[in-house]
Amino acid sequence: MLVAAERARVRGVIGMRWFAVIMVVSIALGAACVCSGDTPPEVTALQEADVNLGSEEPIDLQIGGCGGVYLFAEPGELIVEVEKRDRHLHARTTDLRALLVSPDRHVLQEEIIPDDGGEVGSGLGEPGRVVLSTQVERPGIYALNVTVTQDRYGDEIAWGFRTNCEHYLVETSRGHRDARHMEPLVLLNPGVSGDVCFLPRRAEIVIDVSGVPDDVDALALYDGDGKLLAEIPVDDRGNASHTVPAADDRGAVPWRLHMPRYSAIVQIDGVTRWERGEPFENLSLWTPHAGSWFPFHQYRWLVTPYSRKIYGEAGKLGEYSFRVHNNARSERSIGLALEFPEGAWDARIPVDQVALGADEAIEVPLRFTVPPQGEVRRVHLRATPQDGSGLTTYATLEVHEGDAPAEKPFDPPLTLKPYAHENEQLGYLPTYPVENQMYFDLNNQPYARTARGVATRRNGEWVEADLRECVTEPASMRGVAIGRPSTKLAFDADNDLYLLGTAEGEVVLLRSTDGARTFDAAVFPSRERRGSFDIDNFSGHNTTEYPPAVVRYTRTAADPKLMWRRIHDLELFAPRKVNGRIEIGEPILISDMCIGLSAHSGIPSSVVSQGSKIHVAWGEATDPELDVPGVPTYVATYDRETGELSEPALVGYGPPANDIHNSPSITIDSEGYLHVLIGTHGRPFGYARSLQPNDASGGWTEPRLLGEGLSQTYVGFVCGPDDTLHSVFRLWRSGVEPHPRSSFGTLAHQAMPKGEFWGEPQVLVVPPFSEYSVYYHRLTIDRRGRLFLSKDYWSTFWFYRNDHVGDWRTLMMSPDGGRTWKMVTDADFE
């Protein structure tokens, strides 16, 4: 180890002070191993990561879970060997997919370790191994991404790695669970002793270890100076627990938990489980070797996006801003420089260093000239903390002369690739707001809800109304921050704009009569619990003279035995214009057994209006003891003029029962007929139509499935000018490319022309990874009948999501009823 330290000092690539501290601590911790915990005589120490590199010897490190490794690599060859053993716990096909990616997140190599074909219960299988390598031209933070088919939690495999990279951290990051985020470290090699090295948080630290082998009496915990903090006894059930009190400062050097046998399940506060809002939340970073440590926590997301592709006209000046971020808990200075891999060209930044406070970020503009016709230029923006650590990494800007492929239609499906989404594939770089879906007023002007207010386009330029400055009535709301209980926007026949907001604990209906320049507000009657809301937005044929109807879902009960069974009061509000002001009116109870509203994806329409009639669609919770085919879906009609509410009409069932995912969606066609899609969770949607126009009580067609065997969830639903119905939803697929050995969630479109039935789904987007995906999609339609689809991408795998700053939301559209699709450009709003 001293030789390694001297080699690093001479090369001068790693910060000398920081590296020396780590190496001294590593030596101290290694010496401490012999004086704590009686290591069984047949157990050997966990090997350093570069021992036996390139040999056939098994890799000592064997862990469960998915995730990967971050590697701070120096110039030269980088080699990573990855090994997997199948545990054969269940009948699953467990192919391990390993991706080696560069600091600017280009996939350098992809390898698969296939399932070994062993039988369930046959024990730990023989190791399969792949080697990933690259020639490192410039230092930076590389990544190894590990996922497993049919096993998003990594329960079915043991994997490990070895590498010639001196500095690395493991991030144990599985697929998500519908529960508190925890990433227990699963150690699976009892034949070696070893360490879990981790950055201790300042708050109290509780360490819980279970599954310790019978012949281990105690574990040992050491601080960053190699001092023994505690010998943690193991009880006769193989459990050990220890609490470290809070402290003002524990330094930035890792602590070490020593395991006489490297076989246990380890939970450490601040490493595998977190309190909301704590520093380094969800960063499940650790290493088996203290000497591999580097200060990644403090400089996570140092410069992003990792890469960006831009197209433009030759000779034109351009600019793109990169985000430089200090993730540390104290002020840091970050040095900035440009590197030109193919020779210098006209690209520049205005500063060579920025000072950032704790958890602060700044936008740094990189200005450039578009290269001559047919040429491409690249430049790296290097970011280097000025703290002596030696850490450094970079992002890449790639500038192309010409039009971006995003300006032309694409052939669905758009297959996202790991670390290569719409920008990397198509040069998609919107100049309009994309954080939420687009809505269109009667003149077909676009509007979108933003964090501060509302964005719209005036005279060819996007402008944003800050609601803190634009709400004029009542006077008490001037200057008040406005929240977003819903991102939907609505317009009435006077072209007044409406949206829902929250202000000082109240929910309000905001209205603008002047194109989002000023707003007035009306307050909804409050309840003890605020609840969630939906508003009647344009879905094709539902513009009325009245302010939009609003429904409120107030949860009154939840079922501890059934996660997705919730009970809500569903209430309707029918606002009116009275003497130039909006009167909300009293709530009208629609149901006290409503299952609720699932609106994060699809944003289904639970209310639609025509004339004085308001039609509400909802699902209900049922007695769990009853055998019902799904969530019963009802529709009722309220008449503003008479004040009458019809009896609920049962239109069908959305399986499975008592599942809040199964929100229906309702729309209305040009003749006034109501159309309902019955929401499901991984089953075919049901479809029904009213027998009488503009009336839920006149009977309904028998519900029909949109297709046998379709695994659909999250309804998006609109009606075109020709009365063609359109739906966009998540559609599960299995056993087909590009993930033939598993299942994966796609985003798909399905249409029903007037007088026909639903056709086959058209897959629009395919995810880069198998297993669970969701797109948070929102389907809207403009006054010309064009479909607009706002979508994000959310992979179940924490490692992939953690590495990205922000979201991946984009906007695509179809000008011809779903026959062709393209990414939206500003020209599409003209």
- [ ] Sort through 174, 180 and tell me the only one that's surrounded by 16 or more Cβ atoms within 10 Å (Cβ to Cβ), farther than 22 Å from residue 48 by Cα, touching a residue at least 60 places away in the same chain (Cβ under 8 Å) and not hydrophobic (A, V, I, L, M, F, W, C).
- [x] 174
TODO: Would you mind finding the one in 723, 659, 695 that is under 30 Å from residue 557 (Cα atoms), in contact (Cβ under 8 Å) with a residue 12 or more places away in the chain and among the acidic types (Asp, Glu)?
DONE: 659
Task: Residue within region 277-296 that is of a type outside the set (Val, Ile, Thr), over 25 Å from residue 797 (Cα atoms), within 30 Å of the chain's Cα centre (by Cα) and exposed (fewer than 14 other Cβ atoms within 10 Å of the Cβ) present - done: no
Open item on the list: List the residue pairs whose Cβ atoms are under 6 Å apart, where the first residue sits in region 44-64 and is of a type in the set (Gly, Ala, Ser), the second is part of a loop (DSSP other than H, G, I, E, B), and the two are 6 or more positions apart or on different chains.
Closed with: 64/154
- [ ] Just give me the residues in region 788-817 being open to solvent by less than 10 Å² (accessible area, probe 1.4 Å) and either over 30 Å from residue 101 (Cβ atoms) or free of Cβ contacts under 8 Å to residues at least 24 places away in the same chain (or both), in sequence order.
- [x] 788, 813, 814
Task: For residue 329: the one exception among (1) surrounded by 14 or more Cβ atoms within 10 Å (Cβ to Cβ); (2) without any contact (Cβ under 8 Å) to a residue 40 or more places away in the chain - done: (2)
Open item on the list: Of all residues being out of contact with any His (no Cβ under 9 Å at 6 or more places or on another chain) and closer than 30 Å to residue 48 by Cβ in region 297-322, which is surrounded by the most Cβ atoms within 10 Å (Cβ to Cβ)? Just the residue, please.
Closed with: 298
TODO: Please specify each residue of region 200-211 satisfying the condition of being in a loop (DSSP other than H, G, I, E, B) and open to solvent by 10 Å² or more (accessible area, probe 1.4 Å).
DONE: 201, 202, 203, 204, 211
TODO: Only one of these is outside any loop (DSSP other than H, G, I, E, B), out of contact with any Ser or Thr (no Cβ under 6 Å at 6 or more places or on another chain) and touching a residue at least 60 places away in the same chain (Cβ under 8 Å): 653, 687. Name it.
DONE: 687
Open item on the list: For region 708-723, check the following and say yes or no: at least one residue is within 30 Å of residue 96 (Cβ to Cβ), touching a strand residue (DSSP E or B) at 6+ places or on another chain (Cβ under 6 Å) and open to solvent by 20 Å² or more (accessible area, probe 1.4 Å).
Closed with: yes
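Results for (1) of a type outside the set (A, V, I, L, M, F, W, C); (2) over 32 Å from the mean Cα position of the chain (by Cα), shown as yes or no for each residue.
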| position | (1), (2) |
| --- | --- |
| 602 | yes, no |
| 606 | yes, no |
| 619 | yes, no |
| 628 | no, yes |
| 638 | yes, yes |
| 642 | yes, yes |
| 646 | yes, yes |
| 649 | no, yes |
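Report yes if residue 425 is over 19 Å from residue 775 (Cα atoms) and either among the β-branched types (Val, Ile, Thr) or open to solvent by 10 Å² or more (accessible area, probe 1.4 Å) (or both), otherwise no. Please lay out each step first, then the result.
Values: over 19 Å from residue 775 (Cα atoms): no; either among the β-branched types (Val, Ile, Thr) or open to solvent by 10 Å² or more (accessible area, probe 1.4 Å) (or both): yes.
So residue 425 does not fit the description; no.
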Task: Check on residue 625, free of Cβ contacts under 8 Å to residues at least 60 places away in the same chain and among the acidic types (Asp, Glu) - done: yes
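Return the only residue of 225, 155 being under 25 Å from the mean Cα position of the chain (by Cα) and open to solvent by 50 Å² or more (accessible area, probe 1.4 Å). Can you show your working first?
Working: 225 fails: under 25 Å from the mean Cα position of the chain (by Cα).
Unique residue meeting the criteria: 155.
Hey, among the residues in region 31-75 that are in a strand (DSSP E or B) and at pLDDT 95 or above, which one's farthest from residue 139 (Cα to Cα)?
Keep residues of region 31-75 that are in a strand (DSSP E or B), which gives 44-45, 63, 67-73.
Filter again for at pLDDT 95 or above, leaving 63, 67-73.
Numbers: 63: 28, 67: 23, 68: 19, 69: 16, 70: 13, 71: 10, 72: 7, 73: 6 Å.
Restricting to residues being in a strand (DSSP E or B) and at pLDDT 95 or above, the top hit is 63.
Yes or no, residue by residue, for (1) surrounded by fewer than 23 Cβ atoms within 10 Å (Cβ to Cβ); (2) of a type in the set (Val, Ile, Thr); (3) at positive phi:
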{"position": "57", "(1), (2), (3)": "yes, no, no"}
{"position": "89", "(1), (2), (3)": "yes, no, no"}
{"position": "93", "(1), (2), (3)": "yes, yes, no"}
{"position": "97", "(1), (2), (3)": "yes, no, no"}
{"position": "103", "(1), (2), (3)": "no, no, no"}
{"position": "113", "(1), (2), (3)": "no, yes, no"}
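For (1) open to solvent by 20 Å² or more (accessible area, probe 1.4 Å); (2) within 23 Å of residue 822 (Cα to Cα); (3) among the basic types (Lys, Arg), each residue gets a yes or a no:
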site: 694; (1), (2), (3): yes, no, no
site: 700; (1), (2), (3): yes, no, no
site: 730; (1), (2), (3): no, yes, yes
site: 738; (1), (2), (3): yes, yes, no
site: 747; (1), (2), (3): no, yes, no
site: 761; (1), (2), (3): yes, yes, no
Task: Residue tally, condition in contact with a helix residue (DSSP H, G or I) (Cβ under 8 Å, 6 or more places away or on another chain) and assigned to a loop (DSSP other than H, G, I, E, B), over region 109-158 - done: 0
Task: region 247-269, residues that are open to solvent by 10 Å² or more (accessible area, probe 1.4 Å), of a type outside the set (Val, Ile, Thr) and at pLDDT 95 or above - done: 247, 255, 261, 263, 267, 269
TODO: Residue by residue through region 346-396, note down the ones that are in contact with a strand residue (DSSP E or B) (Cβ under 9 Å, 6 or more places away or on another chain), in a loop (DSSP other than H, G, I, E, B) and among the hydroxyl-bearing types (Ser, Thr, Tyr).
DONE: 392
- [ ] Within region 559-613, track down each residue that is of a type outside the set (D, E, K, R), assigned to a strand (DSSP E or B), open to solvent by 20 Å² or more (accessible area, probe 1.4 Å) and under 30 Å from residue 809 (Cβ atoms).
- [x] 563, 564
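Could you go through region 467-487 and let me know if any residue there is open to solvent by less than 10 Å² (accessible area, probe 1.4 Å), touching a residue at least 40 places away in the same chain (Cβ under 8 Å) and closer than 17 Å to residue 438 by Cβ. Full working, then the answer.
To start, the set of residues in region 467-487 that are open to solvent by less than 10 Å² (accessible area, probe 1.4 Å) comprises 467, 471.
Narrowing the set further to residues that are touching a residue at least 40 places away in the same chain (Cβ under 8 Å) leaves 467, 471.
Still in the running and closer than 17 Å to residue 438 by Cβ: none.
Looking for residues that are open to solvent by less than 10 Å² (accessible area, probe 1.4 Å), touching a residue at least 40 places away in the same chain (Cβ under 8 Å) and closer than 17 Å to residue 438 by Cβ, one finds none in region 467-487, hence no.
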Task: Condition check for residue 111: within 29 Å of residue 422 (Cβ to Cβ) and modelled with pLDDT of 95 or more - done: yes
Task: Residue satisfying condition, being without any contact (Cβ under 8 Å) to a residue 24 or more places away in the chain, assigned to a loop (DSSP other than H, G, I, E, B) and of a type outside the set (S, T, N, Q), within set 755, 785 - done: 755
Task: Condition check for residue 794: at pLDDT 95 or above, on the phi < 0 side of the Ramachandran plot and in contact with a Phe, Trp or Tyr (Cβ under 8 Å, 6 or more places away or on another chain) - done: yes
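Just checking, how many residues over region 798-830 are among the β-branched types (Val, Ile, Thr), part of a loop (DSSP other than H, G, I, E, B) and in contact with an Asp or Glu (Cβ under 6 Å, 6 or more places away or on another chain)? Full working, then the answer.
Initial filter on region 798-830 (among the β-branched types (Val, Ile, Thr)): 805, 810, 820, 824-825.
Okay, now just the ones that are also part of a loop (DSSP other than H, G, I, E, B), so 805, 820, 824-825.
Still in the running and in contact with an Asp or Glu (Cβ under 6 Å, 6 or more places away or on another chain): 825.
Here the count works out to 1.
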Open item on the list: Tell me yes or no: at least one residue of region 63-76 is of a type outside the set (A, V, I, L, M), under 20 Å from residue 165 (Cα atoms) and surrounded by fewer than 17 Cβ atoms within 10 Å (Cβ to Cβ).
Closed with: yes
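The values are calculated or read from the model by the stated rules, or taken from the named source; none is laboratory data. Quick caveat: nothing in here was measured; it's all calculated off a predicted structure. Reconstructed Cβ throughout: ideal geometry from the backbone, glycine too, with neighbour counts over all protein chains shown. Just the protein is used for accessible areas: all its heavy atoms, side chains included, with ligands, DNA and RNA removed. Shrake-Rupley method; radii C 1.70, N 1.55, O 1.52, S 1.80 Å.
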